[in-house]
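Here's the structure we're looking at; comments come further down.
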Amino acid sequence: LREMEEELKYAPAPFRNQMMSKIRAYKRDLSMFQREMRSTDLGLGRGNQGDTKYGIFATENEQSTNLQSQRVLLLQGTDSLNRASESIERSHRIAAETDQIGTDIIEELGEQREQLERTKSRV
């Protein structure tokens with residue numbers, strides 16, 4: 001509400017007056033809700049009212065934070081798993097290429113051996 005009031009300082013007068021009346025209404029509603037919240041017994045007893053650690057909203061917020069951190073960890077784990085899978089796939093491709101190169105070299109060496117043996121027999 002304070003930020004809205006600050007923004008209204010630079011607004012045109014007719015708009016500013018209209019919006020200021022709305023902000024006053026919002027302030028009244030907010031005050032009413034705050035009084036209502038203070039007077040509402042959440043079943044916590046008098047001793048724990050000032051302690052935010054035990055509020056129902058704090059519990060929900062803590063659970064939401066835990067879920068959010070688990071979600072982040074899951075996303076990080078999934079991302080790491082995807083990168084590892086891609087790395088393994090690249091390694092498999094390189095291994096297959098290396099195997100093919102090795103097979104080609106062995107065939108070429110076999111052909112060269114045959115040529116050398118023919119040349120030796122001629123000499």
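The values are calculated or read from the model by the stated rules, or taken from the named source; none is laboratory data. Given the structure is predicted, the values throughout are model-derived calculations rather than measurements. Accessible surface is based on the protein model in full, side chains and every heavy atom, while ligands, DNA and RNA are left aside. Shrake-Rupley method; radii C 1.70, N 1.55, O 1.52, S 1.80 Å.
In this structure Met4 has an accessible area near 90 Å², from a 1.4 Å probe over the protein heavy atoms. Each residue of region 20-36 was assigned a 3J(HN,Hα) from its phi angle through the Karplus curve 6.51 cos²θ - 1.76 cosθ + 1.60 (θ = phi - 60°); the sequence is 4, 5, 5, 5, 4, 5, 4, 5, 4, 4, 5, 4, 4, 5, 5, 4, 5 Hz, with glycine and proline shown as x.
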